[in-house]
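Below is one structure, written out as structure tokens; the observations come after it.
We did not get these values from a lab; they are worked out from the coordinates using the rules stated. Keep in mind the model is a prediction, meaning the values are calculated, not measured. Glycine also receives a Cβ, built like all others from the backbone with ideal geometry; neighbour counts cover every protein chain displayed.
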Amino acid sequence: MTAAVPASFTVRTVCVVDQLLEVPGRVGVSAIDKRPVSGPVQVREYGLHGDVQADRQHHGGVWKAVYLLSDSDVEQWEPEFGGPIPPGYFGENLRVSGVDTSELQIGTVLEVGSLRMEVTTPRIPCRTFAHRVGKPRWVRRFTEGGRPGAYARVLAPGPVEAGDVIRVVTEPTHGVTIGRVLAGVDDDEVRRLLDEYTLSDLAPSLVRKLDRATDVRPVDAD
């Protein structure tokens with residue numbers, strides 16, 4: 001059984017990229033350095049106006065247009081960061097409050113005014129993220145923390161700003177949550193998910209996680 005998700009929750013901060021950071025790897029740069037902005041920001045198919053997806057294959061594209069992370073998702077990490085973690089520091093577009101994003105089911109539809117989004121997949125920590133925070137064994141520890149935040153695709157464009165209320169419009173019944181996908185779904189969960197959705201309805205990165213043979217997750221370099 002999944003925990004109850006509130007009927008609505010709040011956008012605390014809207015964040016877009018501040019500067020591209022040099023990172024190891026094929027692309028060589030990352031847009032993970034996001035900072036809060038004021039006023040309404042238009043959200044379209046590929047994300048927020050003024051934001052950048054440096055690597056659309058792995059960290060962007062339409063299936064990962066908006067990254068939501070809640071205050072409660074990051075609280076467990078605050079002691080080792082020396083206090084509250086600034087909005088955007090983990091690369092999120094929307095820092096929200098009043099919801100456990102790990103309990104959002106895949107396919108949940110969210111609405112903020114005219115903006116409609118669908119929850120698609122969890123954030124899977126990678127070496128770029130580890131490089132950003134500079135903490136030992138970060139990929140493994142963040143995964144084990146079980147609160148990765150949720151990606152969403154844009155169903156209908158619209159503006160969003162700090163203080164907006166996000167309403168949960170529809171929830172599926174399969175019970176496969178962001179947290180369960182991060183931990184690794186079992187065969188029964190896969191069956192229930194595919195009873196409601198075809199593979200083409202799901203993010204390609206999520207589809208790979210449904211099959212143990214193709215679910216290759218990043219590991220720490222140290």
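Below is a table of values for the structure above.
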read-out	value
Simple Cβ-charge dipole of the chain, Lys/Arg +1 and Asp/Glu -1, about Cα centre, in debye nearest 20	500 debye
Debye equation applied to the C-alpha atoms of the range 74-220, log10 I(q)/I(0) at 0.17, 0.18, 0.20 Å⁻¹	-1.05, -1.16, -1.34
Computed magnitude of the charge dipole of the range 1-127 (debye, nearest 20; Cβ of K, R +1, Cβ of D, E -1)	400 debye
Mean residue ellipticity (222 nm) of the chain, computed from DSSP H runs ≥ 4 via -39,500 (n - 2.57), nearest 500	-5000 deg cm²/dmol
The range 84-147 pair-distance distribution - Cα-Cα, 10 Å bins, rounded %	17, 48, 29, 7, 0
Residues with amide H under 5 Å from that of Ser8, placed H, sequence gap 5 or more	Val168
Charge dipole (debye, nearest 20) of the range 127-222; +1 at Cβ of Lys and Arg, -1 at Cβ of Asp and Glu	540 debye
Protection-proxy order for peptides 71-81, 40-50, 103-113, each taking the mean of Cβ atoms within 10 Å per residue, highest first	103-113, 40-50, 71-81
Distance from the range 115-178 to the range 1-53 (C-alpha centre basis), Å	10 Å
Partners for Lys135 among lysines (Cα-Cα distance below 19 Å; same-chain residues under 8 apart left out)	Lys34
Net charge of Cβ neighbours under 13 Å - reference Val168; Lys, Arg +1; Asp, Glu -1	-3
Straight-distance crosslink candidates among aspartates and glutamates, where the alpha carbon sits under 12 Å from Lys64 and sequence neighbours closer than 8 are dropped	Glu45, Asp55, Glu92, Glu118
For Thr121, distant residues with modelled amide H under 5 Å away	Tyr151
Peptides 196-206, 85-95, 166-176 ordered by average Cβ neighbours within 10 Å, highest first	85-95, 166-176, 196-206
Whole-number Å³ per residue for the convex hull built on Cα positions in the range 1-158	111 Å³
Förster radius 25 Å - calculated FRET efficiency between Thr198 and Leu20 (Cβ-Cβ, nearest 0.05)	0.10
Summed side-chain charge close to Glu196 - residues other than Glu196 whose Cβ falls under 15 Å, Lys, Arg +1, Asp, Glu -1	-3
Under Karplus coefficients 6.51, -1.76 and 1.60, residue-wise ³J(HN,Hα) of the range 119-126 in Hz, glycine/proline x	5, 10, 6, x, 6, 9, x, 9
